[in-house]
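One structure is given here, and the rest of the page talks about it.
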């Protein structure tokens, strides 16, 4: 769907995903995120070593229906994560809660950072919708959302860079079920 600049900047991610017809891919490249909606669950995981896999908690009640709706419409949703090894406590937590992503309908792969050295990567995490719309994510040095937490573009060069980077990471990535932390 062709969007004007105002739609591009004012639409929620849920609205953008609702307009997606074929693919939604997400590349994550940080070893630590410290976003508010995960703080309690992450702290509990650090204390107990047990993930909270209740889909009714935290951010999951908003996320799972979005994914399920997109997948039901035929959208292929893939998420790839580039991680340093040994992994951080946060990545260990993220790995432990990934079964909820899988249950919702996402496919997830992990790529050790040492295997990504020759891949041209954008400077930020991103979502790429239908190969044409990029939503970059901006974080602070400590992993929280930056004031300008997202940047969207439908620039063909940016979309091509993200598509090429994602596919290279995906090709080398290890399926979630086979990746151990």
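For the Cα atoms of the chain, what angle does the longest principal axis make with the long axis of helix 156-172, in degrees from 0 to 90, nearest 10?
On a 0 to 90 degree scale, this one is about 30.
Measure nothing but the geometry: give the 0 to 90° angle between the long axis through the Cα atoms of 39-48 and the longest principal axis through the Cα atoms of the chain, rounded to 10°.
Helix 39-48 sits roughly 30 degrees off the main axis of the chain.
Could you give the length gained on full extension between residue 92 and residue 147, defined as 0.36 nm per residue of separation minus the Cα-Cα distance, in nm?
17.1 nm
On C-alpha positions alone, give me the angle between the axis of helix 60-72 and the longest principal axis of the chain, in degrees, nearest 10.
That helix lies at roughly 50 degrees to the long axis.
Can you tell me, using C-alpha contacts under 8 Å and at least 6 residues apart, the relative contact order of the stretch 116-177 as a whole percent?
Details: 70 pairs, mean separation 21.3, N = 62.
Worked out over the stretch 116-177, it gives 34 percent.
Looking only at Cα atoms, what is the convex hull volume of the chain per residue, in Å³?
115 Å³
What's the center-to-center distance, using Cα atoms, between the stretch 49-106 and the stretch 146-167 in Å?
So the two Cα centres are separated by 21 Å.
Quote the relative contact order of the chain in percent (integer), defining contacts as alpha-carbon pairs under 8 Å separated by 6+ residues.
The normalised contact order for the chain reaches 28 percent.
For the chain, what proportion of DSSP beta bridges, expressed in % and rounded to the nearest 5, is antiparallel?
Here the share of antiparallel DSSP bridges comes out near 55 percent.
Mind ordering 24-35, 118-129 by average Cβ neighbours within 10 Å, highest first?
On the way: 24-35: 19.4, 118-129: 17.5.
Listed from highest to lowest mean packing, they are 24-35, 118-129.
Tell me, in nm to one decimal, what length is gained between residue 174 and residue 50 on full extension, where the rule is 0.36 nm per residue of separation less the Cα-Cα distance?
Details: separation 124, 0.36 × 124 = 44.64 nm, distance 2.30 nm.
Contour length minus the Cα-Cα distance gives 42.3 nm.
All of the numbers you see were taken from the coordinates with simple rules; none came from a lab. The structure displayed is predicted, hence computed values, not measured ones. Ideal geometry is used to build each Cβ from the backbone, glycine not excepted, and the neighbour counts take in all protein chains shown.
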